[in-house]
Each structure stands twice: as structure tokens, then as C-alpha cells.
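Only one structure is covered here, and it is reproduced in the block below.
Read the figures in this text as sums done on the coordinates, not as results from a lab. Since the structure is predicted, the reported quantities are computational estimates derived from the model, not experimental observations. Here the Cβ is made from the backbone with ideal geometry for all residues, glycine too, and neighbour counts use every protein chain on show.
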Amino acid sequence: MNILKLKDEITALKEKHNAIILAHNYQLDEVQEIADYTGDSFGLSKLAASTTADVIVFCGVKFMAESAYILSPEKTVLQPDLKAGCPLAESINPEELQAKKEEYPEAAVVCYVNSSAEIKALSDICCTSSNAAGIVNSLEENQVLFVPDKNLADYVAGNTEKEIIPWDGCCATHNAVTAADVHELRNLYPDGIVTVHPECRPEVIALADHVGSTAEMIRFAKETDSEKIIIGTEMGTLYKLKKDNPDKKFYLLSRELVCSDMKLNNLEKIKAALETMQHQVTVPENIRKAAFRSLDRMLQVKTNKTSYCQL
């Protein structure tokens, strides 16, 4: 189908259903182009909750659509492709977390937002990659069970005096980047500056010039004087980076920085979702309320960050 016609049909369906399209920064360029809002997952969920839209089409992965529903249960939340999951979120289940909580009864459970609604519901408080250290440092407990990303847990451990007990999960995409990749790109672009996501391995983070969430990396790219920037996050972010900084050059740190799950959504699936009102993502009310408490507690914490809604 002609892509212009497809976009027109999606626009008409949006108007018909009073819908908005949210696209995570890792989505295909064509999806980001048609989205009403692009950004990090929890920030998008918060933004959607503040709109008058009746329908949210969330182009991301399942835990993101769940978060949107947790904050906006009165809205219809659609995920264009239900197969779009997250290996990191799937690295932990409620039974495993409950067993670990019993093993460390004095520990506070801090849950990265890249997790299922069930895991959020069993946690004391949520965090994002940008506020994780601040959230941990705000707690009274000296022992923290940090789930599910071990690399983010290690990054937090370097920014707190609390004991961090990490879960053995990781983002397969970010974890695939190696120190050798950083050395190779620095040799290729010696005048370039390296920014990476805190989901990367500790040895990669140690070699970076800047570490931050996707939104922080986008902001950093705007503010830095460097004209060559080496990017250590999923390749979809290049769309926004290049759009915002046409005079700068961007280089992906590794060819492995591609999330196949994020790439499952496309224009045809968005159109189908709006035509059929499928696939709807919901969360049982008891789990939703408990997960909401963990998210809401995070939002009540003041850290040294200016925003608490970044992934």
C-alpha cells in the first residue's frame, strides 16, 4: 500500500476513535514519524494520562502498554503487535521475586520500570534509569533488592552507600556492547564523544564520556559542543538525534544495538489496531492498584533530577 495513503487512513482512524499514537524512541522511523508523541516509555505513559484521548496506541513493548493502562485504566490501550515483549522484563517472575524477598526480608525492593505489572505490584517502589540512584538513596532501608537489570544495579551501586542486591537480568541489546566496541569507535573517531545507556556493561560505562537514559542522551547531544557523537543505545534513537541535530554526526557504538521486539510494530499493524480495536492490554485491578502504588511512590520522591519520567 502507498505509504502516504496508509498514513492518511491512520489519521482518519485516530480522529474517529479519539486516539493518540505513542512511539518509543527505539521504534522504526516510519512509526516515530506518524506518532503524536515520541519519547521514553514511562514519560509517554504519564503524558498519555494527561490527555483527553480515549484510545492509546502504544508502539513499544508489552510492559510499556501495561504502564499506560496502570496510569489510565479508563482508556483503551492498544499494542499493535502482542509479540513485542522484553527479555529483560521476562527475566523475572512473581514467584522468583517473592522467594528472593523472603531471602532478604530487611531489603527494600526497587523495581526498574522495565518490568511487568506483576513485578511492579510486588515491589516497594519503582525507578527509571535516570532517577534510579536518587530513588535508592531516598529510602530508609540500607539494603536494596534491585530488579531486574544487573547492569543498572551496578551503576546505582557506584552512586550509593547502600548495599545493592542485583537481580541477574539484563537488556540483551545494551548488554551486547563491549569495551572493545568503545575502543574501536574511539580509534575510528578520535574527536568523537561517547554517550551510553546505564543498561550497558560496567566496563562500557567506565569508558564513556556520558551516561544517561535515552532522553538524557538526546538532551546531551543537543547541549554538547562535539560535532561527532558515538551512541551507545538502540539504533532507533538515531532518528530523533539526527532530526534534532542536523549539523552533527552520529555513530552507533555497535551493530548489535538493535532490539528486534521494538521493530515489530509498523504502520500496517497500527492501522489494523485502530480498525479492530485490538490488541487491548489490561491489568487485573488488584495488580494494577499495587503497581500504581509503586509508581506513584516513585513520583513523590524528589531527587536531583528535573524529571522522573525517563526510561
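Taking the beta-carbon count within 10 Å as an exposure proxy, list M298, M277 from fewest neighbours to most.
Listed from fewest to most nearby Cβ atoms, that is M277, M298.
Suppose a student asked you for the relative contact order of the chain, using Cα pairs under 8 Å spaced at least 6 residues apart; what percent would you report?
Computed value for the chain: 24 percent relative contact order.
Using Cβ contacts closer than 10 Å as the measure, can you line up D149, D124, D244 from fewest to most?
Final ranking by Cβ density, sparse to dense: D244, D124, D149.
Neighbouring Cβ atoms within 10 Å as the yardstick, rank H197, H24, H279 fewest first.
H279, H24, H197
From largest to smallest, what semi-axes in whole angstrom does the stretch 177-252 give when each is the square root of 5 times an eigenvalue of its alpha carbon gyration tensor?
They are 18, 14, 10 Å, listed largest first.
Could you pull out the GluC sites (Glu not before Pro) across the stretch 154-213 that fall in loop regions by DSSP (anything but H, G, I, E, B) with no more than 12 other Cβ atoms inside 10 Å?
When the GluC sites (Glu not before Pro) of the stretch 154-213 are filtered for loop state and at most 12 Cβ neighbours within 10 Å, E161 remain.
Do the sum for the chain: with -39,500 (n - 2.57) for every DSSP H run of n ≥ 4, divided by all residues, what is the mean residue ellipticity at 222 nm, to the nearest 500 deg cm²/dmol?
Rounded to the nearest 500, it is -12500 deg cm²/dmol.
Can you tell me the dipole magnitude for the chain around its Cα centre, using point charges on the Cβ only (Lys, Arg +1; Asp, Glu -1), in Debye to the nearest 20?
740
Over the stretch 177-252, what is the relative contact order in whole percent, taking alpha-carbon pairs under 8 Å and six or more residues apart?
30 percent.
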